[in-house]
């Protein structure tokens with residue numbers, strides 16, 4: 001009997017998707033001990049508030065103003081946040097799918113890009129406050145304003161997201177059964193929407 005060929009064995013092993021694992025674990029947050037999802041959510045808080053804390057964008061009330069013909073005439077701090085949310089969601093789908101396939105687990109705890117994405121959604125949607133100034137006319141559409149982030153708003157948004165992420169109310173738990181990265185990400189997106197609704201309610205109650 002001939003000895004096994006070590007070269008053939010090594011070549012047949014799947015290559016480690018280093019970039020996908022780095023993104024899926026939020027560049028190492030998923031490897032931290034005890035509640036990696038909480039660390040991922042904290043990463044989402046920082047990423048969501050980055051344009052307001054560290055960038056050169058003004059902290060004034062952001063508005064999206066459209067001309068009579070429908071062309072974008074003014075861009076505000078809301079645009080980089082929306083772009084970031086879409087980018088993280090899409091790259092999260094890819095990286096979570098690759099990481100789960102590599103680890104051969106449907107939803108490994110080390111994958112926390114879903115918490116990052118869900119927390120972003122919670123803070124952005126929860127911070128949008130629709131006032132009576134929002135209206136449609138022949139001249140323009142004015143999309144209200146974003147509530148200025150403070151520590152109470154961030155703390156409440158963080159807590160609400162973690163509660164809904166763990167609780168997984170309908171249809172979040174059902175979304176977990178979706179295939180691949182979509183099943184990993186979708187339940188956190190839904191939790192983020194629930195958390196945003198909670199922030200709206202808190203704002204309406206004057207909290």
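FYI, it's all coordinate maths here, none of it is from the lab. Computed from a predicted structure; not experimentally measured. For neighbour counting, all protein chains shown are included, and Cβ atoms are generated from backbone atoms with ideal geometry for every residue, glycine included.
Key figures for this structure:
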| quantity | calculated |
| --- | --- |
| Mean Cβ neighbour count within 10 Å, used as a protection proxy, ranking 187-198, 95-106, 39-50 highest first | 187-198, 39-50, 95-106 |
| Residue 83-residue 18 pseudo-label distance in nm [points 7 Å out on the Cα-to-Cβ vector] | 2.9 nm |
| Computed E for residue 207/residue 173 - FRET, C-beta separation, R0 35 angstrom, nearest 0.05 | 0.80 |
| Potential extension, residue 101-residue 32 segment - 0.36 nm per residue separation minus Cα distance | 22.7 nm |
